[in-house]
Structures are given as structure tokens and as C-alpha cells.
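First up is the structure itself, then whatever we jot down about it.
The values are calculated or read from the model by the stated rules, or taken from the named source; none is laboratory data. As the structure is a computational prediction, the values presented were derived from the model and not from experiment. When we count neighbours, we look across all protein chains shown, and the Cβ atoms used for this are built from the backbone with ideal geometry, even at glycine.
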Amino acid sequence: MKFGLVKGAALLSALGVLLGAQTAEAALYNFSFSNVNGPVAGTVQGEITLPDGNGTFPATGLIITAAPAALGYTTPYNLLSDMTSNFANSFTVSGGSITAGSIARQNAGVNRGFTINFLPGSFGSTLSPFNAVSGNFLTGVVDLRNTTLSFAAPTPAPEPGSLALAVTGLLGLGLLRRRARQRPIRGDADRQP
């Protein structure tokens with residue numbers, strides 16, 4: 001029995017739908033803070049990935065997208081994969097906006113540290129130099145009282161399942177179109193009685 005192109009296209013589309021159903025939606029929140037109390041002038045910008053919707057969640061992704069050159073980071077910098085010591089990681093979302101949150105990460109082996117709204121007045125929002133000597137969070141961009149910290153409204157994060165659905169659907173349509181092109185066109189003279 002031949003497995004036809006139409007059946008293959010239908011199978012690929014069904015697979016894309018199943019993949020799409022198994023993925024959770026996420027939202028990307030942009031953040032920024034600027035130096036107020038530290039020795040390095042400039043602004044740190046990035047993206048926090050949280051589950052979509054209202055509630056209190058840990059960040060599942062945190063990327064630094066821009067930082068002063070004096071800190072020595074190559075951007076985009078995946079902070080969660082490098083700074084593995086976790087002191088806090090909780091964000092509250094209400095009405096599509098971050099209303100509260102705190103995160104503190106450190107790579108103690110190389111003395112890098114990052115905080116957002118962690119113990120305001122003591123740390124606040126900080127990003128230490130990439131090659132920090134002392135391990136002190138307060139040696140880079142520092143805003144102890146979070147006076148410059150801001151979060152932007154979320155933008156939809158692409159869902160792997162949705163992308164798979166779109167790709168498999170287009171692939172299925174392409175296969176159908178290819179099959180239609182390969183079929184000989186029969187005129188009335190070619191038909192057998």
C-alpha cells in the first residue's frame with residue numbers, strides 16, 4: 001500500500017497541532033536600570049521570560065541585551081545559565097504588568113553577580129563586571145534603591161509549537177502543490193471511453 005502525499009501532509013499537519021498543544025505560552029518583559037551608586041556609568045537592559053498570565057512565577061529566562069562596555073559582557077548574555085547560585089527568583093504579574101519581583105544570581109566561581117530589586121537599600125538592582133575581582137555586587141552598575149528600575153509591557157514570545165504548526169502546514173501545502181504539478185493534465189482526447 002502506498003503512503004500518499006496527501007496522507008503525509010495530513011500527518012505532518014496533525015503532528016504540528018499536537019506539538020502546539022503541548023507548549024505553554026510565555027511572555028517577555030523588558031527591564032532596565034541605570035547606575036546611581038556604582039562606579040560604572042550606564043544602563044543595563046534585558047528581557048525576563050515568565051509564564052503568560054497573572055500570578056507569581058520564577059523567571060524561566062533572563063537575557064542581558066545591553067550593558068555598558070566597561071562591564072565586559074558580550075550581549076546577548078544568558079544570565080540564568082551562567083550565574084547558577086540563586087538567592088531569589090520571584091515575579092508577580094497582575095493585569096499584564098510586573099507589579100513586584102526580585103531576583104539575585106551569582107557565579108561565585110568567577111565573582112559575577114546580578115540583582116533586580118533584591119534587598120532595596122543594600123543591593124537593589126546591580127550588575128557587576130564580567131571579570132569582577134572581589135565578588136562584590138556593588139562594583140559595576142548599581143541602583144541601591146531601584147529608582148531607575150522599570151519593566152515594560154510584555155511582548156508575546158514565539159511558541160515552538162506554533163512555529164512547528166506553521167512550518168508543517170506550509171510543508172503539507174507544498175507537498176500537495178508538488179503532487180498537483182506532477183500529475184499529467186488530460187484533455188478530452190486523452191480519455192479512454
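If the condition is being at pLDDT below 90, assigned to a loop (DSSP other than H, G, I, E, B) and within 16 Å of T49 (Cβ to Cβ), then the stretch 76-92 contributes only M83. Count of the stretch 55-75 residues, restricted to those that are part of a loop (DSSP other than H, G, I, E, B), within 22 Å of S102 (Cα to Cα) and small (G, A, S), is 2. Return the residue satisfying two criteria in turn: it lies in the stretch 42-55 and is under 23 Å from T148 (Cα atoms) and touching a residue at least 40 places away in the same chain (Cβ under 8 Å), and of such residues it is surrounded by the most Cβ atoms within 10 Å (Cβ to Cβ). Top of the filtered list is V44. Scan the stretch 106-124 and give yes if some residue there is within 17 Å of the chain's Cα centre (by Cα) and farther than 20 Å from V40 by Cβ, otherwise no. Looking for residues that are within 17 Å of the chain's Cα centre (by Cα) and farther than 20 Å from V40 by Cβ, one finds none in the stretch 106-124, hence no. Could we say that T99 is farther than 17 Å from R145 by Cβ, in the same structural domain as N146 (by TED's automatic domain parsing) and either without any contact (Cβ under 8 Å) to a residue 12 or more places away in the chain or of a type in the set (K, R) (or both) here? Considered against the rule, which asks whether it is farther than 17 Å from R145 by Cβ, in the same structural domain as N146 (by TED's automatic domain parsing) and either without any contact (Cβ under 8 Å) to a residue 12 or more places away in the chain or of a type in the set (K, R) (or both), T99 comes out as yes.
What strands (runs of 3 or more DSSP E), lying completely within the stretch 93-136, carry at least 2 residues that are in contact with an Asp or Glu (Cβ under 6 Å, 6 or more places away or on another chain) and not aliphatic (A, V, I, L, M)? Where strands (runs of 3 or more DSSP E) fall fully within the stretch 93-136 and carry at least 2 residues being in contact with an Asp or Glu (Cβ under 6 Å, 6 or more places away or on another chain) and not aliphatic (A, V, I, L, M), they are 124-127.
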